[in-house]
Amino acid sequence: MWVHGEDDQLVPLGPSRGGIDAVRGTDLSERIYPGGRHEVFNETNKDEVLDDVTSFIDRALTARARGVSEW
């Protein structure tokens, strides 16, 4: 999962996207937060960011558990 603030001045979105595209693999989940800056986990919408990340982790672990149990 890739999370990024749209208004990140330390690591701008454009160059960051180039790096992500180079290593993305076949299954990339991404979330760009409008108006978000560099520290998306400390923004005013930090609860939304944390919810997105924990939901992603829950889905990834559930999918992995299903894959392992089917073997």
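The values are calculated or read from the model by the stated rules, or taken from the named source; none is laboratory data. Nothing here was measured: the structure is a model prediction, and the numbers come from that model. Every residue, glycine as well, gets a Cβ built from its backbone with ideal geometry; the counts of neighbours run over all protein chains shown.
On the given criteria, is Leu50 of a type in the set (A, V, I, L, M), in a helix (DSSP H, G or I) and either surrounded by 14 or more Cβ atoms within 10 Å (Cβ to Cβ) or at pLDDT 95 or above (or both)?
Against the criterion (of a type in the set (A, V, I, L, M), in a helix (DSSP H, G or I) and either surrounded by 14 or more Cβ atoms within 10 Å (Cβ to Cβ) or at pLDDT 95 or above (or both)), Leu50 qualifies.
Out of Asp52, Asp27, I need the residue that is touching a Lys or Arg at 6+ places or on another chain (Cβ under 7 Å) and within 12 Å of Met1 (Cα to Cα). Which one?
Result: Asp52 is the single residue among Asp52, Asp27 that is touching a Lys or Arg at 6+ places or on another chain (Cβ under 7 Å) and within 12 Å of Met1 (Cα to Cα).
Do we find a residue being in contact with a Gly (Cβ under 9 Å, 6 or more places away or on another chain) and small (Gly, Ala, Ser) anywhere in region 44-66?
The answer is no, given that none of the residues of region 44-66 is in contact with a Gly (Cβ under 9 Å, 6 or more places away or on another chain) and small (Gly, Ala, Ser).
Hey, could you check region 9-35 for residues that are in contact with a helix residue (DSSP H, G or I) (Cβ under 8 Å, 6 or more places away or on another chain) and modelled with pLDDT under 95 and say which is surrounded by the most Cβ atoms within 10 Å (Cβ to Cβ)?
Among those that are in contact with a helix residue (DSSP H, G or I) (Cβ under 8 Å, 6 or more places away or on another chain) and modelled with pLDDT under 95, it is Ser29.
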